[in-house]
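Read the structure below first, then the notes.
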Amino acid sequence: MKQLYKVLPIVLSVGFFGCDNSTPQGHIDNNSTADNKDNFVSKLPDTAPVVKVATTGTMPPFSFQDDYGNMQGIDIDSIRAIGEEQGFKVEFYKETWQNMFDSVESGSRDLAISGISYKTDRDEKYGLSKSYFFNPSAVMYAKNTLTINGLNDLKGLHVAGMEGTKQVDQVREMGGYSELSTTITTFLLFEDLMQGKVDAIVQDLPLLRYTAANHPDQKVVIVPYEDEENPSAQQVILMAKGNTKLIKTVNEGITKLKDLGTFKKIEDKWLGAAEPATKNTTTNQQSN
């Protein structure tokens, strides 16, 4: 199979982000997981700046929680690596998908990272980083029930996606489906598919691949339909539009870690093991 994943490293520089909303290290509220039994130990001094990070904690392999409530995954490892490289610590706050965006816009969080893809409307409203991860859209369907080779084959079917994602926009723009429903997590999408409530689901390829690998008894087919030339297949870090200093330091960090290969190691850690049945039919599918 053609290699579908290319991790484009990220690094954040720390310091003066234009938002005086970071709290001292160790601050905990009901949404924070910063005080749990995490095996990650920062090498930075206690005086290092703290960046408040909004993440869902419900999107493996990007962002999810272990048995102690600690955040883990590709994006968690990535933003930590960025902080260590650039001199800041991170404090994670579990938010719903939509609340992630709202919290950054209001200034209560410094940035959001949780499988966020580039979208034109997001770029207009928020400050987006350079791409650090190739994250194409994909369709999943139950094996031996249908034959789907791309987005256009969803016409006439009951399709489901996660609320507020680019995939739902793509299906809606295409039209021709019999029904389009949404849920709030990838697992709920997968559950609906396995129970026969929907014909196919659309989501980020790494999320579907990770979910399938963790449910090997369920026979599914995954069909990616975006290539690397598509801007919406690129994953980004989201910040406030006016927070120009943070945006600049994030982009500088991305360039540094691309050269170091740090994110390829993180990618291999979380995605290198399993390869469920996947049709390689990527196209330059555009989205709004």
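What follows draws every value from the coordinates through simple rules; no lab data is involved. Not measured: the values here are computed from a predicted model. A quick note on method: Cβ atoms are made from the backbone with ideal geometry, for glycine too, and the neighbour counts reach across all protein chains shown.
Before moving on, here are some points about what is shown:
- About the Cα centre, charge dipole magnitude for the stretch 64-189 (Lys/Arg +1, Asp/Glu -1 at Cβ), debye: 340 debye
- Equivalent ellipsoid semi-axes - Cα gyration tensor, the stretch 204-263, angstrom: 32, 14, 12
- Projecting the Cα atoms of Val250, Pro216, Ala233 onto the charge dipole of the stretch 180-262, computed from C-beta unit charges around the Cα centre, puts Val250 farthest toward the positive end.
- Basic side chains Lys and Arg get +1 at the Cβ, acidic Asp and Glu get -1 at the Cβ, and with that the dipole of the stretch 158-248 about its Cα centre reaches some 460 debye.
- Greater than 26 Å apart at Cα, pairs in Lys119/Lys155; Lys155/Lys269; Lys130/Lys245; Lys130/Lys269; Lys119/Lys219: Lys155/Lys269; Lys119/Lys219
- Calculated FRET efficiency for the pair Val41/Asp217, C-beta based, R₀ 30 Å, to 0.05: 0.20
- Summing Lys and Arg as +1 and Asp and Glu as -1 over all other residues whose Cβ lies under 10 Å from the Cβ of Lys130 gives a net charge of 0.
- Looking at the stretch 184-236, the GluC sites (Glu not before Pro) that sit in a DSSP loop and have at most 10 other Cβ atoms within 10 Å of their own Cβ are Glu229.
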